1. Of everything in region 30-50, what is in a strand (DSSP E or B), touching a Ser or Thr at 6+ places or on another chain (Cβ under 6 Å) and closer than 12 Å to Phe20 by Cβ? Give them in sequence order.
2. Please state which one of Leu278, Leu222 is in contact (Cβ under 8 Å) with a residue 60 or more places away in the chain, open to solvent by 20 Å² or more (accessible area, probe 1.4 Å) and within 17 Å of the chain's Cα centre (by Cα).
3. List, please: which pairs have Cβ atoms under 9 Å, are six or more places apart or on different chains, and start with a residue in region 76-90 that is on the phi > 0 side of the Ramachandran plot and end with one that is in a helix (DSSP H, G or I)?
4. Yes or no: Thr272 open to solvent by 30 Å² or more (accessible area, probe 1.4 Å), of a type in the set (Val, Ile, Thr), closer than 28 Å to Pro22 by Cβ and at pLDDT 95 or above?
5. Given Ala246, Ala232, Ala236, which one is over 21 Å from Tyr148 (Cβ atoms), crowded, with 16+ Cβ neighbours inside 10 Å and of a type in the set (A, V, I, L, M)?
6. How many residues, within region 23-54, are at pLDDT below 95, surrounded by fewer than 18 Cβ atoms within 10 Å (Cβ to Cβ) and either touching a Leu at 6+ places or on another chain (Cβ under 8 Å) or among the basic types (Lys, Arg) (or both)?
7. Mind checking which residues of region 155-167 are modelled with pLDDT of 95 or more and surrounded by fewer than 18 Cβ atoms within 10 Å (Cβ to Cβ)?
8. Go through region 183-208 and count every residue that is touching a residue at least 60 places away in the same chain (Cβ under 8 Å) and touching a helix residue (DSSP H, G or I) at 6+ places or on another chain (Cβ under 8 Å).
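The values are calculated or read from the model by the stated rules, or taken from the named source; none is laboratory data. This one's a predicted model, so the numbers in the text were calculated from it and none came from an experiment. Please note: Cβ atoms are built from the backbone with ideal geometry, for glycine as well, and neighbour counts cover all protein chains shown. Surface areas here come from the heavy atoms of the whole protein model, side chains and all, with no ligands, DNA or RNA. Shrake-Rupley method; radii C 1.70, N 1.55, O 1.52, S 1.80 Å.
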Amino acid sequence: MNPATASPARKDIRLSFEFFPPKSAEAEGQLWETAAELSAYRPGFMSVTYGAGGSTKAPTLATVRHLLDMGLPAASHLTCVGATKEEVHAVVAEFQAVGVKHFVALRGDPPGGVGAAYQPHPGGYANAAELVAGLRTLADFELSVSAYPEKHPQSPDVAADIDMLKRKVDAGATRALTQFFFENDDYERYLERVRKAGIAIPVVPGILPVHNLSQVQKFAGLCGASVPGWLAERLAPFDDRPQERAAVAVELAVRQVEDLIARGVGEFHFYTMNRATLVSAVCDGVGFAKIAPNHTAGAAA
């Protein structure tokens, strides 16, 4: 569908995009170009990830500040693992000072990495629900949290997972962003259980266009998501043909988003991998409304 002829319903779809802090000057330039290009879809926010234990605090802060300087609606991820409440509050104050009003509040991975046993810091917040409650005492932030259609890998079962989401909502969360998934039936079943639990906030599907199949399979193994066999079968034949692989990846993501819209979804969160090409192609393929990109700021912070 041509964006110029997007239906009124699709003009009303809300979008957001996720980035991670760049690790080199070249990657930094690519990120600013990506953010500028994706600004054309008028996202509600662009979030920047934050390493557990504050391992990326400085680059996350610099990235968020630059996005705000570009006139873009930036949000910062925030974790509480390995930090006291006072240390978390100090980080919040730093981000607040540059204009951050929206946090994606997360517990964070254990210091030993995904799969290691989690131990709350004795002077810190024990989990994301406590972090949300603590942030609510500091200011009237917009607070997003995570959700897992296929269950968090450290939750004993789906019921416990949904109970934790409810605790985060009761503490003041305003939106849940899901881990990426590829089977829409999984999301729909999850959403039904969430609503039955009395959780009314938006549960926004996380969409990941597949740039690299092996990388996505690795991510999925770490975060409790799954890569269905049909997806691997569609993409595997094009491993050495990147242009054709990208076209198939876009086709599959467009179909996923189209189907979710048909099921009543009105908001999407895209995991961009700091690249605009596939995400833009998906947004254009679906027919999301588009304006001129924001190129008002240069690459220098």
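1. Within region 30-50, just Val48 meets the criteria.
2. After ruling out the rest, the residue left standing is Leu222.
3. Listed by first residue and then by second, the contacts come to Gly82/Ala52; Gly82/Gly53; Gly82/Gly54.
4. Here the answer is no, as Thr272 does not meet what is asked.
5. None of the other options fit; the residue is Ala246.
6. 1
7. Asp163, Lys166, Arg167
8. Residues flagged as touching a residue at least 60 places away in the same chain (Cβ under 8 Å) and touching a helix residue (DSSP H, G or I) at 6+ places or on another chain (Cβ under 8 Å) within region 183-208 amount to 5.
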